[in-house]
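The values are calculated or read from the model by the stated rules, or taken from the named source; none is laboratory data. Please read these numbers as outputs of a predicted model, since none were measured by experiment. Reconstructed Cβ throughout: ideal geometry from the backbone, glycine too, with neighbour counts over all protein chains shown. Heads up: the accessible areas ignore ligands, DNA and RNA and are worked out on the full protein's heavy atoms, side chains in. Shrake-Rupley method; radii C 1.70, N 1.55, O 1.52, S 1.80 Å.
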Amino acid sequence: MNRSICLLIIVLMGSCLPILCAAADQDAAAPAAISDATQECLDCHASFHPGIVAGWRNSRHAAITPAAAMKVTGEGRKVSATDVPESLRTVAVGCAECHLLRPEAHADTFDHNGYDVHVVVSPQDCATCHPQEAEQYDRNIMAHARKNLKENAVYNQLQRSILGQPEVADGRLSVTAEGAAARAEGCYYCHGTELKVTGSEVRDTDAGELEFPIIAGWPNQGVGRINLDGSRGSCAACHTRHQFSMAMARKPDTCGECHVGPDVPALKVYKASKHGNIYLSKHHEWDFDKVPWTIGDDFRAPTCATCHISLLVDSDENVVAERTHEMKNRLSWRIFGLIYAHPQPINPDTTIIRNSEGRPLPTDFDGGFAQKFLISTEEQANRRMEMTAICLKCHDSSWVDGHFKRYEETIHASNASVKAATDLMRSAWDQGIATGLDQDQNPFDEAIERIWSDGWLFYANTVRFASAMAGGGDYGVFADGRYQLSRSVIQLADRLALEKRLGPRRE
Ligand code: HEC
Ligand code: HEC
Ligand code: HEC
Ligand code: HEC
Ligand code: HEC
Ligand code: HEC
Ligand code: HEC
Ligand code: HEC
């Protein structure tokens with residue numbers, strides 16, 4: 001039904017039809033029909049949790065039924081499922097339509113006023129209507145963020161050296177294992193906790209005594225969270241509940257919650273860049289709700305989503321980039337040093353990687369790549385083309401080529417600085433000045449080792465992030481950039497010379 005016929009019918013026939021017509025019209029604000037079950041949830045929760053209900057009422061889920069959404073054809077379609085269960089099709093996506101899905105799959109399903117409700121709605125639940133996004137996201141390295149950290153023996157040592165509880169006994173420092181709270185508020189805040197039902201409790205609520213599951217690891221919205229149906233991640237990491245807005249995910253502060261540094265300073269670098277500057281001054285004039293997103297018409301400088309995720313078209317509606325919830329498609333280098341920048345891993349599960357020394361790292365300490373597990377130079381070039389296609393809609397080729405030429409040089413130069421630092425560190429380990437992996441000891445827990453790890457984890461990374469995303473001068477130099485990187489090499493050399501003069505370690 002097109003809009004003019006729709007309007008005509010409304011005018012002719014009065015007020016009950018707009019609901020039907022509005023459903024087919026993407027921009028209509030009229031509410032969609034609400035299922036009986038959702039009405040029951042709303043009757044209670046509107047008074048107990050007005051914040052939750054208001055968030056939902058302002059969402060597209062409250063306004064547009066799956067049946068209406070599935071009528072949309074072409075690039076503007078938001079429901080990628082071709083077959084949504086009959087019972088869900090003609091009602092708004094309400095509390096019951098999400099919290100009652102697949103009850104047998106969730107360990108936290110509990111009897112709640114006669115309904116089998118689960119608390120943690122998972123990506124697999126969203127997949128009922130959004131299978132493409134859920135499948136892509138599951139292949140995104142983010143979905144594997146918990147496992148990639150938790151099941152890597154070397155990274156565990158980094159984690160322990162940072163989160164572990166220091167204690168001094170008889171004048172000697174020792175570090176014991178960190179507690180669950182330190183893990184959940186530390187590394188796993190972003191990487192994701194593992195949720196587990198540990199029992200149930202009866203709460204005395206305003207609606208009387210009700211029984212609820214007790215969930216360990218909750219709350220958490222880490223990108224690699226292990227859910228109670230075994231699925232990975234939280235869509236709410238970028239589409240916060242209960243509005244689940246796309247516009248929000250397109251804005252850089254959403255990503256900045258986890259990508260702010262100093263190890264991964266993407267947001268800081270972005271804000272200092274020309275792109276960030278234009279976004280901050282002008283974004284209120286742009287349209288963050290349009291699908292597809294037209295370069296030039298809807299926005300005039302890129303956000304994180306533009307370069308890494310969004311479906312983009314030009315003014316003639318030619319597709320410039322396909323949407324991807326699997327962000328690797330446009331990335332050629334992994335600039336986050338482990339310990340050197342290296343070609344992107346082939347598999348999002350990085351625990352399978354072994355370097356030539358047999359360690360679960362994508363690079364050797366002397367700079368070689370674990371190439372078998374990383375993408376080829378050819379694939380790097382393909383992915384670079386995917387990214388530059390976007391730049392070329394706002395810049396000419398000499399600008400973009402010049403940018404990436406410098407970036408490639410910066411990758412090699414920053415890797416070379418990390419190599420110099422690591423050669424010094426190796427010599428400290430070899431001479432017994434510190435103890436590292438070769439001695440079966442934590443390579444991150446001594447003062448000299450911190451000088452070394454600050455070099456690659458903070459400074460080399462910052463230099464590369466500033467270069468990749470045109471992030472202004474300071475992050476390339478004085479704000480955790482080349483100044484501090486060169487200083488850490490000098491400090492290591494100095495420290496090594498001093499330790500040598502002092503002679504072998506005394507216990
Ligand atoms: C009779 C009132 C009532 C009805 C009907 C009701 N709820 Fe609740 N619900 C509550 C109360 C009260 C709480 C507990 C609030 C608290 O502990 O702060 C709650 C808690 C919840 C929780 C969170 C549980 C937790 O431990 O985190 C979810 C999820 C939930 N309800 C979903 C629903 C859904 C979905 C429906 C409809 C199918 C529904 N509720 C119907 C009253 C109700
Ligand atoms: C589109 C699916 C969807 C709809 C619709 C939905 N929820 Fe949720 N809800 C979620 C997700 C997802 C989470 C957990 C998010 C996470 O951390 O990953 C959640 C979490 C919750 C929680 C626990 C978290 C908290 O902040 O206490 C409550 C309570 C809740 N929802 C109630 C409701 C009520 C009431 C409604 C209806 C007004 C509703 N939900 C509608 C998906 C949904
Ligand atoms: C029963 C089907 C259904 C389920 C389950 C569902 N959605 Fe949706 N979703 C929809 C419909 C319908 C729309 C509106 C489509 C439109 O506007 O054309 C939508 C729209 C969206 C949008 C776009 C919002 C915007 O601002 O444009 C996002 C993001 C989204 N859903 C995320 C989720 C997430 C995350 C979950 C799981 C927590 C989920 N959905 C569960 C049907 C569903
Ligand atoms: C503020 C959010 C945040 C916290 C907290 C956090 N990380 Fe990360 N971590 C990230 C991001 C973002 C990346 C990806 C960086 C990139 O690819 O550029 C990442 C990637 C990693 C990787 C690479 C994993 C792989 O194989 O792909 C390791 C190792 C790591 N982090 C270790 C840690 C440790 C150890 C802690 C706790 C001491 C920690 N992180 C805390 C955000 C975080
Ligand atoms: C809740 C935290 C969180 C949020 C929010 C978040 N990320 Fe991430 N992101 C991570 C973590 C953690 C990793 C690293 C996972 C690993 O290495 O195992 C990561 C990895 C990445 C990567 C590296 C992919 C690769 O293959 O090397 C990119 C790019 C990225 N995120 C972009 C974004 C963008 C863009 C946004 C916002 C739209 C965003 N992230 C929001 C935590 C987050
Ligand atoms: C790292 C951040 C991030 C996470 C996590 C994420 N999304 Fe998205 N999502 C985005 C961005 C950014 C967009 C806007 C894409 C665009 O501009 O084309 C988007 C768009 C969407 C849309 C609208 C698509 C359309 O056709 O308009 C849906 C639906 C959606 N996401 C569902 C999900 C589901 C389901 C999950 C969990 C499996 C999820 N997202 C997880 C960032 C994220
Ligand atoms: C102008 C486009 C552009 C914008 C805007 C942008 N990025 Fe990037 N980003 C890039 C390029 C180019 C690379 C390097 C890709 C390569 O090596 O192929 C990159 C790399 C990354 C990486 C490195 C992943 C890794 O493997 O270590 C992360 C994480 C990232 N960006 C996150 C973000 C976040 C978060 C924002 C917003 C605050 C953002 N980006 C804004 C273009 C952009
Ligand atoms: C939507 C348009 C748009 C896209 C897409 C875009 N840019 Fe830009 N970019 C701009 C605008 C506008 C400026 C500001 C130019 C000026 O200062 O006059 C800019 C500035 C820059 C600068 C200058 C930074 C400085 O201050 O010296 C670089 C470098 C740059 N862009 C690189 C890129 C690269 C690389 C990509 C793709 C990964 C890209 N841009 C994508 C619009 C865009």
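Numbers below:
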| quantity | calculated |
| --- | --- |
| Listed residues Leu361, Cys129, Gly476: farthest to the positive end of the dipole of the chain (Cβ charges) | Gly476 |
| Accessible area, probe 1.4 Å, largest first, for residues Glu446, Glu104 | Glu104, Glu446 |
| Accessible solvent surface per residue of the stretch 315-442, calculated while the other protein chains remain in place, 1.4 angstrom probe, Å² | 49 Å² |
| Accessible area expressed per residue, the stretch 160-290, with surrounding protein chains retained (probe 1.4 Å, Å²) | 55 Å² |
| Cα centroid separation, the stretch 345-371 to the stretch 65-142 (Å) | 37 Å |
| With every protein chain in place, the chain: carbon and sulfur % of accessible area (1.4 Å) | 55 percent |
| Value of [θ]222 nm, deg cm²/dmol, for the chain, DSSP H segments ≥ 4, -39500 (n - 2.57) each, nearest 500 | -12000 deg cm²/dmol |
| Mean shadow area of the stretch 247-502 over all directions, Cα convex hull, nm² | 14.2 nm² |
| All-pairs Cα distance distribution in the stretch 25-91, expressed in whole percent, bin size 10 Å | 19, 47, 27, 7, 0 |
| Exposure rank, largest accessible area first [Asp298, Asp440, Asp314; 1.4 Å] | Asp440, Asp314, Asp298 |
| Charge dipole (the stretch 153-262, unit charges on Cβ, about Cα centre) - positive-most of Phe212, Ser231, Ala169 | Ser231 |
| Environment charge at Cys391 (Cβ cut-off 14 Å; Lys +1, Arg +1, Asp -1, Glu -1) | +4 |
| Around Gly481: net Lys/Arg minus Asp/Glu count, Cβ-Cβ under 14 Å | 0 |
| Accessible area of Lys71 in the full protein assembly, 1.4 Å probe (Å², nearest 10) | 140 Å² |
| The chain: C-alpha pair distances exceeding 37 Å, % | 39 percent |
| Distance (nanometres) between label positions extended 7 Å along Cα→Cβ at Ala207 and Asp83 | 3.4 nm |
| Extension reserve of the Glu185-Asp364 stretch, reckoned as 0.36 nm per residue once the Cα distance is removed | 61.4 nm |
| Cα-centre dipole for the stretch 181-228 with unit charges at Cβ (Lys and Arg positive, Asp and Glu negative), debye to 20 | 380 debye |
| Cβ-based net charge around Ala301, under 15 Å, with every Lys or Arg adding one and every Asp or Glu removing one | +3 |
| Using distinct alpha-carbon pairs, which all enter the 1/r mean, Kirkwood radius of the stretch 371-463 in Å | 16.0 Å |
| Largest-first principal axis extents of the Cα set of the stretch 52-144 (Å) | 41, 33, 26 |
| Over the stretch 421-467, equivalent-ellipsoid semi-axes from the Cα gyration tensor in Å | 23, 10, 8 |
| Accessible-area ranking of Met248, Met385, Met425, Met327, largest first, probe 1.4 Å | Met385, Met248, Met327, Met425 |
| Leading residue at positive end of dipole, the chain (Cβ point charges), from Ala497, Ala105, Leu392 | Ala497 |
| Sites Leu311 and Asp43, calculated FRET efficiency, Cβ-Cβ separation with R0 41 Å, nearest 0.05 | 0.60 |
| Coarse-grained scattering of the stretch 202-315 at q = 0.20, 0.22 Å⁻¹, given as base-10 log I(q)/I(0) from a Debye sum over alpha-carbon atoms | -1.13, -1.28 |
| The stretch 327-421: mean projected area of Cα convex hull, nm² | 6.3 nm² |
| Mean-position separation - Cα centroids, the stretch 451-494 and the stretch 156-193, in angstrom | 25 Å |
| Nearest-20 debye value, the chain charge dipole, Cβ charges on Lys, Arg, Asp, Glu | 1560 debye |
